[in-house]
1. For the stretch 129-174, with the dipole built from +1 on Lys and Arg beta-carbon atoms and -1 on Asp and Glu ones, taken about the Cα centre, which of Val131, Gly151, Gln164 lies farthest toward the positive end?
2. Of the GluC sites (Glu not before Pro) in the stretch 113-157, which ones lie in a loop per DSSP and count no more than 10 other C-beta atoms within 10 Å?
3. Report, in whole Å, the centroid distance computed from the Cα atoms of the stretch 57-82 and the stretch 370-401.
4. Can you give me the C-alpha center-to-center distance between the stretch 415-441 and the stretch 318-347, rounded to a whole angstrom?
5. For the stretch 82-98, what does the Karplus curve 6.51 cos²θ - 1.76 cosθ + 1.60, with θ = phi - 60°, yield as ³J(HN,Hα) per residue in whole Hz, taken in order and with x for Gly and Pro?
6. Given the Cα-Cα distance of Glu394 and Arg172 and 0.36 nm per residue of separation, how much length would full extension add, in nm?
7. Amide H to amide H under 5 Å from Asn67: which residues, 5+ apart in sequence or cross-chain, H placed 1.01 Å off N in plane?
8. Would you mind checking Lys161/Lys197; Lys197/Lys314; Lys78/Lys99; Lys385/Lys443; Lys333/Lys385; Lys122/Lys161 for any pair whose Cα atoms are more than 32 angstrom apart?
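Computed from the coordinates by the stated procedures, all read-outs in this text should not be read as laboratory data. Note that the coordinates shown come from a computational prediction; the quantities given were computed from them, not determined experimentally. With ideal geometry, Cβ positions are generated from the backbone for all residues, glycine too; neighbour counts draw on all protein chains shown.
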Amino acid sequence: MASRWTLQRDETGSPVGWLQINSDVTGERRTEEELRESEEGLRLLVDGVKDHAIFRLDPRGQVVTWNPGANRIKGYLKEEIVGKHFSVFYPPEDIASGKPEEALRIAAQEGRYEEEGWRVRKDGSRFLAHVVITALRDEAGHPRGFAKVTGDITERRAAEKARQEAQALQQRTTEITLLSQLGALLHACLTTDEAFKVFGQFAPRLFPTESGALYILSPSRNTLESASAWGDFPAGEQVFAPDDCWALRSGRMHCVDEPTPAIVCPHLSAWSAVAHLCVPMTAQGDILGILHVHSNPVSPAGTNEGIRALPAEKRQLATAVAEQVGLALANLKLRETLRVLSVRDPLTGLYNRRFMQESLERELRRSARSSRPLGGILLDIDHFKQFNDSYGHEAGDIVLRELGGLLQSQIRGEDVACRVGGEEFLLILPETSLDVTRQRAEKLREASKRGKHPIWRAAARSDYAFHGCR
């Protein structure tokens, strides 16, 4: 209870008594106490925060309050900093560019300003800070200053960087391991189809967040065709001309992070909204195809997803994969060529003498085990030496090739047609009786008279005609 006494006087000014007015101030005192306790609690809370600098600025940006956390982070004592402009915390280059004033302007205009950047301690050392500036206003909306909260995130960023570097190192290690495994399996493949299947198993593991395909150049070298694909891949044409790929035109990787019609490969025109790359696959200077990789697929309609560029690490990985696959395909191609040369006669395309000997021995043993007949037809071209002397060896080679083609067209899948040597040929006919063998020999003799090539017909009409088979 609050009492107020007033002396009462008469008209002459003489005291006549006292007037007492009593007021109940219980609520007001309670409010004042709660306010004091609230302010004290807020001060204790702010002072208790040690890992953030929390202080207040006046409307001009001068420091008004200072908590122990600010002392620890920035290095200033309260009596050293109060009354100074908060720009002392900024690096010289930021002060020169007017960054502190810009921060206050944005906070006053929008109510809040937030950023991460470098700040300077009292001793001149720098630290990476997360800063939030909040505009303070009274009940009438008039500016009263700013509240500023600063956190030192240098260690956190360092830890994040270390974690990212560890993840990147782990990723590189995984990629190297997968590349090694891919190379070992590719070099163990016997056919290109096996190699394409192996690549199809490893590609999603090497490029888990990307899609793509392996395009192989045709033997005629006028088209490329998709041989293996992974991920969300209908990325353009499955078959296209070499001129439709910038990588094959330039002979090096073609990478597009921000697609524009001028630089997107024509075979990917429908996928111009993704970052992508094409890497030529070469071996010993020979182009075998391309490896295509693209990042995220086309965004669904109505979305505004940005283009995710392919980082340098993915480009390096794509180059390494293209080298591995290209080398493996070249080895398979060379191995197939050597295998064919080891069993095929290069002139006629028939099996050679070495393969004939192995096949004949095998079929003889098989015939003996199964007690089934084995037929054989030995053919030669009469007077072939005289024909060569008269018409030249090139004409003789044409005759041999024509006869080789004739034999291949007249045999079954299980038969073996061989060039024994010179102008001598042998047909091995499994499970063929003597009568059937004679019939087939006669059929071959008659067919030999109907060659399509002019030189063959000339030979058939000449004295060097094919007299038959023995």
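1. Result: Gln164, furthest along the dipole toward the positive end.
2. Counting only loop positions with at most 10 other Cβ atoms within 10 Å, the GluC sites (Glu not before Pro) in the stretch 113-157 are Glu139.
3. 106
4. Answer, in whole Å: 32.
5. For the stretch 82-98, the Karplus curve yields 4, x, 8, 6, 5, 5, 5, 7, 9, x, x, 5, 6, 5, 5, 8, x Hz.
6. Contour length minus the Cα-Cα distance gives 74.1 nm.
7. Ile54
8. In this structure, Lys161/Lys197; Lys333/Lys385 exceed 32 Å between Cα atoms.
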